[in-house]
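To start, the structure itself, in structure tokens.
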Amino acid sequence: MFKSEFPSAYLWTARIVVLVIFIVLPFVYPQKYVVHIVSLAMIFAIAALALQLLLGFTGLLSIGQAAFLGIGAYTSAIVTATYKVPFEIAFITAGMLAGIASLALVPITRLRGVYLGVATLGFSIIVHLVLLNEEWLTGGSFGLLNIPSPSLGPWILKGETANYLLCLAVLVATFTTLHRLLPSRFGRALQAIMLDEDAARASGINVTYYESQAFVVAAVITGFAGSLFAHHAHYLNPNDFTFWKSIEVLLMVAVGGIGSLAGAIVGAFVITLLPEYLRVLDEYRMVIFGAMLIAFMGLGHRGLAGLSAAIAMRLLRLRPQSDMASSPTPQADAVAAPRWSRR
Amino acid sequence: MSGSQFIELFVGGLAIGCIYSLIALGFTMIIRATGVLHFAQGEVVMLGAMFGVTAHHLLPLPFIALLVVGMVFGGLAAVAIELGVYRTLRVRRVPLMNIIIATVGMSILLQNTGQLVWGSEPIAYPKLFATDVYSIGSARVAPQLVWIIVLGILVMVLLQLFLAFTRTGRAMQAAAQSPETAQLMGINLTRITAYTYGIGGVLGGGAGVLLGSLFYASFSMGFLPAIKAFVAATLGGLGSIGGAMAGGILFGLIETFAAISISTSYKDAVGMILLILILLAWPEGLAGLFRQGR
Amino acid sequence: MTALLALDRLTRRFGGVTAVDSVSMNVEGGEIRGLIGPNGAGKTTTLNLISGLTAPTSGRMTLVEQDVTGEPAHRLAQRGVRRTFQNLKLFTELTVLQNVMIGLHTNGKSGVFAAILATGKQRREEEMMHRDSLTVLETVGLVDQADRPASALAYGHRRLLEIARAIVARPTLLLLDEPAAGLNPTEAEALVALIRRINAQGVTVVLVEHHMDVIMAACSRITVLNYGQKLAEGTPAEIRANESVIEAYLGRAGFEERIVAYA
């Protein structure tokens with residue numbers, strides 16, 4: 001939500017350049033592994049964007065997004081593999097079901113801060129246990145096999161590249177959607193709730209209603225990501241959707257920068273790709289990963305997106321508008337400040 | 001359920017509940033003082049267990065000594081992390097959320113370091129008792145469990161005494177309630193925060209030794225119990241010492257009893273569902289229930 | 001004439017403390033009603049009750065002859081009750097304009113779908129909100145700062161922004177909680193003029209203030225609270241002369257003499 005200091009023209013140029021790079025990537029680096037891992041990063045970027053809507057723009061700490069990834073993934077997989085439903089319908093169904101499931105969280109929206117986080121964490125754990133134990137539905141720990149490739153109408157999107165482009169398309173659509181939502185009446189209501197709930201109420205905003213909507217929208221988007229995940233991996237295992245995955249999505253948003261849409265994407269890429277890059281370090285891989293996470297947290301609430309913005313500003317010799325430069329109390333505090341001593 | 005069965009389950013549940021309570025106390029004290037959800041608390045538990053069992057391999061020590069070793073090293077580790085890492089971040093004035101995320105990073109770092117140092121194989125705690133079984137009426141309980149309960153409660157009582165009667169303990173209480181006023185009274189917040197983490201580490205390290213003696217020690221042992229303890233602390237009301245103790249014991253009992261009545265595979269869910277239900281009724285946990293006039 | 005706002009023995013207890021004790025008050029449409037009292041008298045709690053941020057423990061509240069007892073804040077806001085806050089509750093990280101546009105939330109209807117699809121209706125609605133917000137900013141004199149973040153505003157301007165946010169949706173009842181706090185005499189005078197202008201547009205005002213000049217200048221009637229109870233009610237002249245009011249503010253008779261003795 002921190003307003004970018006860049007003039008609109010620069011931002012749009014940057015976005016188009018990045019988009020072109022991504023479109024061209026699988027043709028320049030056609031190695032299956034590269035395309036595969038970048039697709040995965042994009043899928044998680046979609047989930048991270050959804051969490052950003054909740055955390056960065058509504059101030060809701062949700063540590064339960066993996067539940068919706070799982071629900072979306074398994075729904076899409078079961079519906080296509082067992083019932084031979086076409087992918088497009090499965091995809092939509094996955095999102096819808098995840099959205100409906102999120103309605104179970106509506107009573108939880110009255111919780112605040114850490115308590116909300118713990119409740120969503122609990123939700124994630126419960127969903128994982130269901131995925132694990134209901135073997136008749138999900139295959140349990142044996143997993144779900146033979147998930148077909150996605151398809152659009154008559155074309156089956158076989159192969160890594162086709163899959164990649166599908167993921168890219170959904171990612172772009174998600175980004176655009178959220179980009180449109182934020183400056184709208186709906187987006188303003190969410191941000192008002194995050195910045196000052198009482199003032200939002202006093203302005204006529206029904207906080208419970210809007211927070212619930214935010215949860216549903218985030219769940220639907222995450223459900224879509226889950227569907228893409230299933231048809232990308234062709235195999236599902238409940239261990240892909242533990243609460244640790246929920247924490248990973250949170251890490252993505254935190255590292256990228258809470259309150260930045262681009263940051264969510266950057267964070268997703270970092271968290272997904274960094275462990276791969278660190279493979280050269282063998283057994284020290286995760287130790288270094290942990291250390292780097294800590295180091296990233298030294299970047300302040302703007303995260304990596306903010307850092308890149310600052311560097312780019314330096315390089316382009318743009319002077320920050322004196323107003324925008326200082327952001328006093330980051331909304332990250334508003335989320336995490338434990339109001340356990342008062343409601 | 002027969003009477004002896006009930007006693008056996010009760011003792012088992014109480015034992016694991018005491019362990020959860022010790023970990024939960026650490027969580028609650030840290031969050032009370034700093035607002036930080038210490039995700040690495042589970043790794044402090046692990047370090048306590050590891051140092052304990054390592055000490056035993058070096059010298060054949062009685063169980064109490066292992067417990068002390070675990071507590072001391074747990075405390076030292078926690079203080080080192082706080083002074084070395086968290087304080088550095090605080091000095092840079094990063095938002096609270098960043099510190100919380102940093103504890104996640106610390107958790108990853110410590111877990112994997114633990115794996116490097118002690119290997120991937122679980123390490124068994126030595127058989128620590130001569131008799132195999134105590135008998136309570138017709139019930140048979142492992143002495144381990146009884147000792148865990150006794151020692152766990154002892155530690156909690158000592159903690160209460162420390163907080164109520166020592167200067168440092170009272171300073172910690174003051175700082176938790178109002179940092180600014182505490183500073184005006186001459187309380188050194190850096191020192192107090194370090195003490196808070198230290199005590200959290202002592203409690204966690206102790207819990208680690210107890211947990212290890214109950215099952216085994218391994219690099220990943222701390223994570224799940226810590227999550228459960230955190231849920232228990234929330235159940236009891238974050239920031240409430242009594243709530244953490246009650247929450248931990250309650251969680252342990254419910255988990256143990258649920259495992260036989262509901263299918264074992266869903267026993268973790270029971271705690272979560274209970275948590276969500278309690279939070280819906282009392283958004284501040286059980287402690288909120290007992291707080292008057294809010 | 002039936003009152004716009006009628007409080008009937010409204011009470012609010014917090015555990016052992018009775019912040020508002022059986023207060024009855026009728027505010028007529030078109031009034032500027034002052035609400036004063038020593039610190040802790042229950043003024044802000046009364047405003048919280050009227051605006052719905054707190055629910056009453058007992059008693060009734062009627063707005064435009066409809067029973068609105070216990071209705072939540074957002075419902076009352078939709079009914080036309082708007083307010084400012086003692087300690088300023090701006091959306092600091094949003095721009096001045098966005099702050100005011102949130103005040104117009106109730107005038108719009110677009111939700112998630114309309115926003116994503118950018119329907120014609122949604123775009124027209126946004127334009128209207130944009131225009132109306134700028135108009136109000138002009139009224140309070142903040143229009144040239146419309147795109148600055150609210151956090152960048154000077155203190156006096158922040159107070160004006162909060163008022164702008166509260167009046168943009170043409171409220172029926174405007175509650176002002178110490179709007180003059182921290183203002184210098186010039187700003188306070190401008191504030192009184194602004195309040196009068198708002199009132200002239202048909203907005204009923206309830207004004208909580210410690211600045212006696214502002215209260216005496218702006219209000220047609222004043223209600224005095226003390227220890228949660230209504231102490232007195234009347235015109236500014238009547239209140240100024242009221243013995244119990246003076247005593248409530250200054251303590252028991254002989255207070256001044258004691259102060260001199262210690263000085």
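The values are calculated or read from the model by the stated rules, or taken from the named source; none is laboratory data. No experiment lies behind these values; they were computed from the predicted model shown. Heads up, the Cβs are rebuilt from the backbone with ideal geometry, glycines too, and the neighbour counts pull from every protein chain shown.
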Before we move on, is A:GLU283 out of contact with any His (no Cβ under 8 Å at 6 or more places or on another chain) and either of a type in the set (Gly, Ala, Ser) or more than 10 Å from chain B (Cβ to nearest Cβ) (or both)? no
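Looking only at helices (runs of 4 or more DSSP H) that fall completely inside region A:114-205, which ones have 1 or more residues that are in contact with a His (Cβ under 8 Å, 6 or more places away or on another chain)? Before you say what the answer is, go through the steps one by one.
Numbers: elements: A:135-138, A:160-181, A:185-195, A:197-202.
Fully inside region A:114-205 and qualifying: A:160-181, A:185-195, A:197-202.
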Can you confirm whether region A:113-135 contains a residue that is closer than 24 Å to A:PRO238 by Cα and surrounded by fewer than 16 Cβ atoms within 10 Å (Cβ to Cβ)? yes
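Going residue by residue through region C:86-95, is there one that turns out to be of a type outside the set (Phe, Trp, Tyr), part of a helix (DSSP H, G or I) and crowded, with 19+ Cβ neighbours inside 10 Å?
Our first condition is that a residue be of a type outside the set (Phe, Trp, Tyr); within region C:86-95, this holds for C:86-90, C:92-95.
Filter once more, so that each one left must be part of a helix (DSSP H, G or I): none.
Within region C:86-95 (the criterion being of a type outside the set (Phe, Trp, Tyr), part of a helix (DSSP H, G or I) and crowded, with 19+ Cβ neighbours inside 10 Å), the answer is no, since none of the residues qualifies.
Listed residues C:ALA154, C:ALA164, C:ALA190; which is small (Gly, Ala, Ser), closer than 30 Å to C:GLU93 by Cα and buried (at least 21 other Cβ atoms within 10 Å of the Cβ)? Walk me through it before giving the result.
Details: C:ALA154 fails: buried (at least 21 other Cβ atoms within 10 Å of the Cβ); C:ALA190 fails: buried (at least 21 other Cβ atoms within 10 Å of the Cβ).
Exactly one residue qualifies, and that residue is C:ALA164.
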Residue list for region A:76-118, restricted to those being closer than 26 Å to A:LEU60 by Cα and of a type in the set (Val, Ile, Thr): A:ILE92, A:THR93, A:ILE100, A:VAL106, A:ILE108, A:THR109, A:VAL114, A:VAL118
What do you reckon, is C:VAL64 of a type in the set (Val, Ile, Thr) and at negative phi? no
Could you look through region A:178-195, keep only residues that are without any contact (Cβ under 8 Å) to a residue 24 or more places away in the chain and surrounded by fewer than 21 Cβ atoms within 10 Å (Cβ to Cβ), and pick out the one that is farthest from the other protein chains (Cβ to nearest Cβ)? A:PRO183
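Would you pick out the residues in region A:212-256 that are small (Gly, Ala, Ser), within 14 Å of A:ALA73 (Cα to Cα) and either without any contact (Cβ under 8 Å) to a residue 60 or more places away in the chain or buried (at least 24 other Cβ atoms within 10 Å of the Cβ) (or both)? Outline the logic, then answer.
Pass one, region A:212-256, residues small (Gly, Ala, Ser): A:212, A:214, A:218-219, A:223, A:225-227, A:230, A:233, A:246, A:254, A:256.
Subset that is within 14 Å of A:ALA73 (Cα to Cα): A:219, A:223, A:225-227, A:230, A:233.
Result: A:ALA219, A:GLY223, A:ALA225, A:GLY226, A:SER227, A:ALA230.
Tell me whether region A:40-47 contains one or more residues that are more than 19 Å from A:THR242 (Cα to Cα) and either within 14 Å of chain B (Cβ to nearest Cβ) or not basic (Lys, Arg) (or both).
To start, the set of residues in region A:40-47 that are more than 19 Å from A:THR242 (Cα to Cα) comprises A:42.
Narrowing further to those that are either within 14 Å of chain B (Cβ to nearest Cβ) or not basic (Lys, Arg) (or both): A:42.
For region A:40-47, residues more than 19 Å from A:THR242 (Cα to Cα) and either within 14 Å of chain B (Cβ to nearest Cβ) or not basic (Lys, Arg) (or both): present.
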On the basis of being in contact (Cβ under 8 Å) with a residue 40 or more places away in the chain and among the β-branched types (Val, Ile, Thr), does A:VAL170 make the cut? yes
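Pick from B:LEU76, B:LEU61, B:LEU25: which is surrounded by fewer than 24 Cβ atoms within 10 Å (Cβ to Cβ), part of a helix (DSSP H, G or I) and of a type outside the set (Gly, Ala, Ser)?
Details: B:LEU61 fails: part of a helix (DSSP H, G or I); B:LEU25 fails: surrounded by fewer than 24 Cβ atoms within 10 Å (Cβ to Cβ).
Unique residue meeting the criteria: B:LEU76.
Tell me the residue from C:ALA188, C:ALA217, C:ALA180, C:ALA193 that is free of Cβ contacts under 8 Å to residues at least 12 places away in the same chain, among the aliphatic types (A, V, I, L, M) and in the same structural domain as C:GLU247 (by TED's automatic domain parsing), please.
On inspection, the qualifying residue turns out to be C:ALA193.
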Residues located in region A:196-230, provided they are small (Gly, Ala, Ser), touching a Gly at 6+ places or on another chain (Cβ under 9 Å) and within 9 Å of chain C (Cβ to nearest Cβ): A:ALA202, A:SER203, A:GLY204
For B:GLY119, only one of the following conditions fails: (1) surrounded by 14 or more Cβ atoms within 10 Å (Cβ to Cβ); (2) touching a Phe, Trp or Tyr at 6+ places or on another chain (Cβ under 9 Å). What is its number? (1)
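Given the criteria of a type in the set (A, V, I, L, M), at pLDDT below 90, out of contact with any His (no Cβ under 9 Å at 6 or more places or on another chain) and farther than 28 Å from A:VAL216 by Cα, does A:VAL28 qualify? Steps first, please.
Details: of a type in the set (A, V, I, L, M): yes; at pLDDT below 90: yes; out of contact with any His (no Cβ under 9 Å at 6 or more places or on another chain): yes; farther than 28 Å from A:VAL216 by Cα: yes.
Spelling it out, A:VAL28 is indeed of a type in the set (A, V, I, L, M), at pLDDT below 90, out of contact with any His (no Cβ under 9 Å at 6 or more places or on another chain) and farther than 28 Å from A:VAL216 by Cα.
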Quick check on region C:122-135. Is at least one of its residues in contact with a strand residue (DSSP E or B) (Cβ under 6 Å, 6 or more places away or on another chain) and within 11 Å of another protein chain (Cβ to nearest Cβ)? no
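With B:VAL133, B:VAL104 as the choices, which residue is touching a strand residue (DSSP E or B) at 6+ places or on another chain (Cβ under 6 Å) and of a type outside the set (Lys, Arg)? Walk me through how you get there before you give the answer.
Numbers: B:VAL104 fails: touching a strand residue (DSSP E or B) at 6+ places or on another chain (Cβ under 6 Å).
Being touching a strand residue (DSSP E or B) at 6+ places or on another chain (Cβ under 6 Å) and of a type outside the set (Lys, Arg) holds for just one of B:VAL133, B:VAL104, which is B:VAL133.
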Looking at region B:207-261, which of its residues are small (Gly, Ala, Ser) and not in a helix (DSSP H, G or I)? B:ALA217, B:SER218, B:SER220, B:GLY222, B:GLY237, B:GLY239, B:SER240
Output the qualifying pairs, or none if there are none: Cβ atoms under 8 angstrom, residues six or more apart or on different chains, first residue in region C:140-157 and assigned to a loop (DSSP other than H, G, I, E, B), second residue of a type outside the set (A, V, I, L, M) and modelled with pLDDT under 90. C:ARG148/A:ASP323
Restricting region C:99-110 to residues that are surrounded by fewer than 21 Cβ atoms within 10 Å (Cβ to Cβ) and in contact (Cβ under 8 Å) with a residue 40 or more places away in the chain, the residue that is nearest to A:PHE57 (Cα to Cα): C:THR106
Filtering region B:114-143 down to residues that are more than 22 Å from the chain's Cα centre (by Cα) and polar (S, T, N, Q) yields B:SER120, B:THR131, B:SER135, B:SER138
Out of all the residues in region B:269-286, which are at the interface with chain A (Cβ under 7 Å from one of its Cβ atoms), part of a helix (DSSP H, G or I) and closer than 17 Å to B:ALA246 by Cα? B:MET272, B:LEU275, B:ILE276, B:LEU279
Enumeration of residues in region C:8-36 that are among the hydrophobic types (A, V, I, L, M, F, W, C) and more than 11 Å from C:SER58 (Cα to Cα): C:PHE14, C:VAL17, C:ALA19, C:MET25, C:VAL27, C:ILE32, C:LEU35, C:ILE36
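Mind counting the residues in region B:96-129 that are out of contact with any Pro (no Cβ under 6 Å at 6 or more places or on another chain) and either at positive phi or not aliphatic (A, V, I, L, M) (or both)? Lay out the reasoning, then the answer.
Residues of region B:96-129 that are out of contact with any Pro (no Cβ under 6 Å at 6 or more places or on another chain), as a first pass: B:96-128.
Imposing the further condition that a residue be either at positive phi or not aliphatic (A, V, I, L, M) (or both) reduces the set to B:98, B:103, B:105, B:107, B:111-115, B:118-122, B:125-127.
Selection size over region B:96-129: 17.
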Quick count over region B:71-113, residues being farther than 29 Å from A:ASP282 by Cα, within 18 Å of the chain's Cα centre (by Cα) and at the interface with chain A (Cβ under 7 Å from one of its Cβ atoms), is 0
Collect the residues in region C:202-220 that are touching an Asp or Glu at 6+ places or on another chain (Cβ under 9 Å) and farther than 21 Å from C:GLY59 by Cβ, keeping them in residue-number order. C:VAL205, C:LEU207, C:GLU209, C:HIS210, C:HIS211, C:ASP213, C:VAL214, C:ILE215, C:ALA217, C:ALA218, C:CYS219, C:SER220
Taking C:SER51 as the residue in question, decide whether it is at negative phi and surrounded by 17 or more Cβ atoms within 10 Å (Cβ to Cβ). yes
